[in-house]
Amino acid sequence: MLVWYVSYGSNMNAARFGCYLAGGTPSGGRLAFPGCRDPAQPVRTRGCELPGGIYFATESLVWGGGRAFYDPGLPGTAAARAYLITGEQFSDVVAQEMYREPGEDLDLTAALETGRATLGPGRYETLVCAGELDGHPLLTFTAPWVWTDVELLAPSARYLRMLATGLREAHGWDPLRAGAYLAARPGAAGTWTAERIAALA
């Protein structure tokens, strides 16, 4: 089974996502990842959007500072990047996001049938299905809470660099447009400016 894994965070950067597929330490990151059971590259990749928005909260062990989370209830759209991968690879990516060893296939039935499934209380254990693209489901993961239920935390420069370069890769944006998008997100707003983020990318 093929699914579109939709990234709205650092995995929009293809090299960073490659560390989840084949293993390794992302540039600027603090942790190494074991990789997927199947390290094959995505069948396809493309820029896309999700209804809703992203915000930054909770301390990242990899980057320091706040992590990106997706909330379908936020106004607007979230810029993202979709990778066409196997269901097994998607399961292994979810495991690594939770700092677990990959190797167990997820049951995606509930998420595909209802649009949402909470696998556990963890920050990236709530699956969201945002429809289909070319006959394959669009799947992402986020926290079980909404953005107003958690204390916001500004992201680090290293993390924002990954997001900004990912946006440029996926959508062809220039540095200032990517910076403006990220600087306006809850958690980054008021701490980061478009110009400062643009300088990182």
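The values are calculated or read from the model by the stated rules, or taken from the named source; none is laboratory data. Being a predicted model, the structure only gives us computed values, none of them experimental. So basically every Cβ, Gly included, is an ideal-geometry build from the backbone, and we count neighbours across all protein chains shown. Accessible surface areas use protein heavy atoms only, side chains included; no ligands, DNA or RNA. Shrake-Rupley method; radii C 1.70, N 1.55, O 1.52, S 1.80 Å.
Just so you know, in the stretch 72-102 the residues that are among the aromatic types (Phe, Trp, Tyr) and either more than 19 Å from MET162 (Cβ to Cβ) or open to solvent by 10 Å² or more (accessible area, probe 1.4 Å) (or both) include one that is modelled with the lowest pLDDT, and it is TYR99.
Scanning the stretch 140-147 turns up at least one residue that is in contact (Cβ under 8 Å) with a residue 60 or more places away in the chain, within 17 Å of the chain's Cα centre (by Cα) and part of a helix (DSSP H, G or I). Contact annotation: residue pairs with Cβ atoms under 7 Å, 6 or more positions apart or on different chains, pairing a residue in the stretch 118-136 that is touching a residue at least 60 places away in the same chain (Cβ under 8 Å) and among the charged types (D, E, K, R) with a partner that is in a loop (DSSP other than H, G, I, E, B) and open to solvent by less than 10 Å² (accessible area, probe 1.4 Å), are ARG123/ALA143.
Go through the residues of the stretch 56-71 one by one and say whether even a single one is open to solvent by 30 Å² or more (accessible area, probe 1.4 Å) and over 20 Å from ALA154 (Cβ atoms). No, the stretch 56-71 contains no residue that is open to solvent by 30 Å² or more (accessible area, probe 1.4 Å) and over 20 Å from ALA154 (Cβ atoms). In a residue-by-residue description of the stretch 43-50, the property of being part of a loop (DSSP other than H, G, I, E, B) and more than 14 Å from the chain's Cα centre (by Cα) applies to at least one position. Checked against the criterion of being surrounded by 19 or more Cβ atoms within 10 Å (Cβ to Cβ), touching a residue at least 40 places away in the same chain (Cβ under 8 Å) and touching a strand residue (DSSP E or B) at 6+ places or on another chain (Cβ under 6 Å), the stretch 11-19 contains one or more residues that satisfy it. Candidates are the residues of the stretch 97-111 that are in a helix (DSSP H, G or I) and either free of Cβ contacts under 8 Å to residues at least 40 places away in the same chain or touching an Asp or Glu at 6+ places or on another chain (Cβ under 7 Å) (or both); the one that is farthest from THR126 (Cα to Cα) is THR109. Screening the candidates LEU167, LEU153 for the property of being out of contact with any His (no Cβ under 7 Å at 6 or more places or on another chain), touching a residue at least 24 places away in the same chain (Cβ under 8 Å), within 22 Å of ALA82 (Cα to Cα) and hydrophobic (A, V, I, L, M, F, W, C) yields one hit, LEU167. What are the residues in the stretch 117-131 that are of a type in the set (D, E, K, R) and either open to solvent by 30 Å² or more (accessible area, probe 1.4 Å) or farther than 17 Å from ALA57 by Cβ (or both), if any? If the condition is that a residue be of a type in the set (D, E, K, R) and either open to solvent by 30 Å² or more (accessible area, probe 1.4 Å) or farther than 17 Å from ALA57 by Cβ (or both), then ARG123 is the only one that fits. A single member of ASP149, ASP174, ASP134, ASP105 is closer than 18 Å to ALA68 by Cα and open to solvent by 40 Å² or more (accessible area, probe 1.4 Å), and it is ASP149.
Against the numbered list (1) among the aliphatic types (A, V, I, L, M); (2) in a loop (DSSP other than H, G, I, E, B); (3) under 20 Å from GLU97 (Cα atoms), LEU74 comes up short only at (3). Does LEU160 satisfy being assigned to a helix (DSSP H, G or I), in contact with a helix residue (DSSP H, G or I) (Cβ under 6 Å, 6 or more places away or on another chain) and buried (at least 18 other Cβ atoms within 10 Å of the Cβ)? So LEU160 passes the test.
For the stretch 20-36, filtering for residues that are open to solvent by 30 Å² or more (accessible area, probe 1.4 Å) and either at positive phi or in contact with a Pro (Cβ under 6 Å, 6 or more places away or on another chain) (or both) leaves 2.
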